[in-house]
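Heads up, the thing below is written out as structure tokens.
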Amino acid sequence: MTKTFKIIFTFLMISILACSNSDNDEADVTTNEEEIKNQEEENEVDSTKPTFLENEDPKPSEKKWVKAEELSDEFDGDELDTNKWNPTPEFIWNGQDRGWYGSSRSLFEADNVSTGNGFLRIEGEKFNSPKYSPKDNNSEAPQRRYGGAYVYGKTLADPGYYIEARMKASKTAMSAAFWLKSETKPCTDNFNDGENLEIDIQECVGIFTGELGDEWTNDDWAVNSEWDKIFHYNTHRHNSPCNNIGERQTKGGKTNFDKKNADEFHIYAAYWHADGSKVDFYIDGALEKSVTPVIPFKGALRLIMSSNFYDWIEEINAKEMGFENPLEERYTRFDWVRVWKLEEL
């Protein structure tokens, strides 16, 4: 066997094995997701109305819930509906990209977004070598070592909406988040009178790294909060060039599950009152807490599904952080997103 033939033969074998492993990964994903769907059918949630347990629906008697189709999706297709969703945070305004591409060690990329078997999936990955975001200074060494994604609605969500998603975190150190945020427009074009506002309906991580007393846990708040089995919801008023308020102002809350966020689906939801005075947070159709933001949240916000590598997560080895898990375990999954508005009967 000549040297050239050996090289070609080796390359072909590697390619065949890589394709075989990829096919196996996809087969495992399909099998896993089909099992999830079969289980779901036994306890099917009615897709024609919002999810509320008995006596939990805040709807006035003279009104009805109507689905906001432009912000709702069952993710039944083979591709993401790009008429509804943008799979990257890119946001061009007057020729400038005003997108946010992730925390300092994370990078949001469209190729981590897929749909299949009735799910929107965001893959968590550890890169072989660090990458730059489109907005990073390339004269400095790249620092982004973990890949996730940021999918946002092209139609903004308005006050008065009930916003819900059935989702489950991946079995990685990446986050799983369902939230709303002010668009990154200049002050004069901002729908929120220059305010930088955020509603977190749910944010958690699949695997928590760090322990009491270490530098990554920011005075141990994250350890004590058990971020890998949490329903974590907030309203944030951020500092902005338009309103210099100093430190972020937050009103919210949390509760913990018996199981981890990566082990089971839940329906996370928020009823954003029409006058912006309150946000009611729901878990599996039950009211968890009514939150009064520090100021009324009156302007339209962007609806987001994302998976990030938080700055306060301790970076340990890839295996312990879940990045060597099978592909099916590295997906944050959204079964569906449904948004509802009230109309007169």
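Restricting attention to region 96-111, report how many residues are part of a loop (DSSP other than H, G, I, E, B) and within 12 Å of Ile313 (Cβ to Cβ).
Residues in region 96-111 being part of a loop (DSSP other than H, G, I, E, B) and within 12 Å of Ile313 (Cβ to Cβ): 3 in total.
Quick grid of which residues meet (1) farther than 30 Å from Ile245 by Cβ; (2) modelled with pLDDT of 95 or more; (3) in contact with a Pro (Cβ under 8 Å, 6 or more places away or on another chain):
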| position | (1), (2), (3) |
| --- | --- |
| Ile122 | yes, yes, no |
| Asn138 | yes, yes, no |
| Gly147 | yes, yes, no |
| Val151 | no, yes, yes |
| Pro159 | no, yes, no |
| Arg166 | yes, yes, no |
| Ala169 | yes, yes, no |
| Leu180 | no, yes, no |
| Phe191 | no, no, no |
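If I go through region 59-95 residue by residue, how many of them are assigned to a strand (DSSP E or B) and in contact (Cβ under 8 Å) with a residue 60 or more places away in the chain?
9
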For this session: Might you check whether a residue that is in contact with a Pro (Cβ under 6 Å, 6 or more places away or on another chain), aliphatic (A, V, I, L, M) and buried (at least 19 other Cβ atoms within 10 Å of the Cβ) occurs anywhere in region 86-107?
Result: no
Problem set entry | 2 or more residues within 23 Å of Tyr282 (Cα to Cα) and either among the hydroxyl-bearing types (Ser, Thr, Tyr) or open to solvent by 40 Å² or more (accessible area, probe 1.4 Å) (or both): qualifying strands (runs of 3 or more DSSP E) within region 167-253 | 230-238
Exercise. For region 222-244, does any single residue satisfy the condition of being among the charged types (D, E, K, R) and in contact with a Gly (Cβ under 7 Å, 6 or more places away or on another chain)?
Worked result: yes
For this session: Tell me, yes or no, whether region 87-96 has at least one residue that is at positive phi and more than 14 Å from the chain's Cα centre (by Cα).
Result: yes
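Results for (1) of a type in the set (S, T, N, Q); (2) modelled with pLDDT under 70, shown as yes or no for each residue.
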{"residue": "Ser15", "(1), (2)": "yes, yes"}
{"residue": "Pro58", "(1), (2)": "no, no"}
{"residue": "Glu69", "(1), (2)": "no, no"}
{"residue": "Glu74", "(1), (2)": "no, no"}
{"residue": "Tyr101", "(1), (2)": "no, no"}
{"residue": "Ser104", "(1), (2)": "yes, no"}
{"residue": "Ala110", "(1), (2)": "no, no"}
{"residue": "Gly116", "(1), (2)": "no, no"}
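Here are Lys154, Lys131, Lys135: which of them is touching a residue at least 12 places away in the same chain (Cβ under 8 Å) and within 19 Å of the chain's Cα centre (by Cα)?
None of the other options fit; the residue is Lys154.
Condition test on Ile313, is it under 21 Å from the mean Cα position of the chain (by Cα) and of a type in the set (Val, Ile, Thr)?
The answer is yes for Ile313.
The values are calculated or read from the model by the stated rules, or taken from the named source; none is laboratory data. For clarity, every value in this text was computed on a predicted model and none was experimentally measured. For neighbour counting, all protein chains shown are included, and Cβ atoms are generated from backbone atoms with ideal geometry for every residue, glycine included. The protein model used for the area step is the full one, side chains on, heavy atoms only, and it has no ligands, DNA or RNA in it. Shrake-Rupley method; radii C 1.70, N 1.55, O 1.52, S 1.80 Å.
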